[in-house]
1. Could you pull the Cα extents of the range 1-59 along its three principal axes, largest to smallest, in whole Å?
2. About the Cα centre of the chain, how large is the charge dipole given +1 on each Lys and Arg Cβ and -1 on each Asp and Glu Cβ? Please answer in debye to the nearest 20.
3. How long are the semi-axes of the equivalent ellipsoid of the range 281-393, taking √(5λ) for every eigenvalue λ of the Cα gyration tensor, in whole Å from largest down?
4. Express the relative contact order of the chain as a whole percentage, based on alpha carbon pairs under 8 Å and six or more residues apart in sequence.
5. About its Cα centre, what dipole magnitude does the range 262-393 give when the only charges are +1 on Lys and Arg Cβ and -1 on Asp and Glu Cβ, stated in debye to the nearest 20?
6. Which residues' amide hydrogens lie under 5 Å from the amide hydrogen of Arg279, considering only partners 5 or more residues apart or on another chain, with H built in the peptide plane?
7. Can you spot the lysines whose alpha carbon is less than 29 Å from Lys273's alpha carbon? Ignore those fewer than 8 places along the same chain.
8. Would you mind putting 83-92, 310-319, 9-18 in packing order, based on average other-beta-carbon counts within 10 Å, highest first?
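Please treat every number below as a calculation from the coordinates, not as lab data. Quick caveat, the model's predicted, so the values are computed rather than measured. Cβ sites come from the backbone with ideal geometry, for glycine too, and all protein chains shown count toward neighbours.
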Amino acid sequence: MDISYILNELGEDRTAYQQAVAPPIVQTSNFCFDSVAAMRHTLHHESSLPFYTRGVNPTVELLCQKVAALEGTEAALAFASGSAAVAAAVMAQLRAGDHVVCVAKPYSWTAKLLSQLLARFGVSSTFVDGRDPAHFEAARQPTTRLFFLESPNSFTFELQDIRAVAALARAHGILTLIDNSCASPLLQQPIALGADLVIHSATKYLGGHSDAVAGIVCGTRAMMEKIFASEFMTLGGVVSPFNAWLVLRGLRTLPLRMERVTRSTEQVVAYLKAHPLVRRVHYPFDEDHPQHALAKTQMTGAGGQFSVELDTDDLPAVESFCNALRRFLLACSWGGHESLIFPACTLYNSANYATTLPFQLIRFYVGLDEPDALIADLEKGFAALRTHAAVAS
Ligand SMILES: *Cc1c(COP(=O)(O)O)cnc(C)c1O
C-alpha cells in the first residue's frame, strides 16, 4: 500500500455520505438500532461497531485505520492525548508486582506514569541509558513485562537500537512498546524492527497544525481488543470526533510536511553547527552524532527536532538569546506549522523532570517557516547573546 493510498483512499466510505470527499464528523455520543437483535449484536461487538462514542465512532475509526496502515499494524486505538495513549497501552500489560525497563529521560509524563502513578499500584520501573542494548539486559528481572522505548528521546535525542532491544525482549517473552512521536510513521517503522506496540502523540506530526490534542496506539488486533476491553473503556480517555477529524485532515499533508521540515531542519542545523557560539548540537542525522550510523539503519530522517547547547556559562545570556527570537516561538510541544524553542532552563523550577539537562540546552523545532528567515532570527539571538556577554564582562 503506497502512502498516498493510505492517506487519500483507505477507509474512505464515500457512498455512505453522499460522495462527500471530506469525511463527515460524526459528532454523536450515541447510536440507535432497528431491533433488539441488532442492538444485542452490536453490543457484543462493541470494539468494532459503533454503539457509543466512548467505544467506536466512525470518524475516529477512519483515523485509526489510516495510522495503523502507516505503522504496518492490524489495528489502532485513538485517545484524547498522547499521554492517555501511553498510559492505557502500558497499564493494559501490567499488574502489581510487575517490572518495566524504560529508557532514561522519556517524555516527562511517561516518566511520571512509571515512577509515580504505577509505583502506587505495585509496579516497579528501572530507567536505563538506552544507547546500549546491554543496559536493558542488565536491568531485566524475572518480573519484567515491558521494555518502554522512545527513540529518539525527548530533549537530547539519543537513540535505542530498536532491533536489538526488541529481539532481546522477544527472547524473554517481554513486550516492546515504543513512543514513535518524534520520528513519525514516515521516518521510522518500529514494527518492522520488531517492536510490538507503537504509540504516537498525534498532537505532534500526525495532526501537524497545533490545533488538536490526540494520541494513538498501534498493534495487533488482539492487543487492541485487550486494551479496548480494559483501560480504553474504563478510563475513557477517548478522542472527540472533531479532534479525530482534525488529525485526519492533518494526515493528508503528512509526507509534504515531513519532507519540508526535514529539509529546513538540515539547513538550520548546519548553520548552528558552524556557529562559534554553539557548543554542541544534538541531532541524530548530523554526521558527527555518535549514533549517526545507528540512526541511518533505523530511520530515514530525523525530522524537525534537535537541541543545541550555547557556548556560554551565563544563564542570563541564554535567556537573552531566547528572548530575542521572534520567528521561533517560546513554547512546548512541536510538530505543527510554527517553529519553536523550549529552553531547558525553564525546567528548573519543575519537580517533574530530571534536572540533568544543562541550562545552556535549548530544544528546537523547525516548522514550516522559511529556513532563511529562521536563520536571520537566530542571528538576532546571537547578537543579543554577544551584547549580553559584552555588558557582563
Ligand atoms: C507530546 C508528547 C507526548 C504526550 O502527548 P500529548 O498528546 O501531549 O499527551 C508523549 N510522547 C512524546 C515523545 C511527546 O512529545
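1. Result, largest extent first: 40, 24, 19 Å.
2. For this selection, approximately 580 debye.
3. Working: eigenvalues 116, 62, 43 Å².
Computed over the range 281-393, the values are 24, 18, 15 Å.
4. 16
5. 120
6. Those qualifying (amide H under 5 Å, at least 5 residues apart or on another chain) are Glu309, Leu310, Asp311.
7. Candidates past the 8-residue exclusion: Lys105, Lys204, Lys296, Lys380.
8. 83-92, 310-319, 9-18
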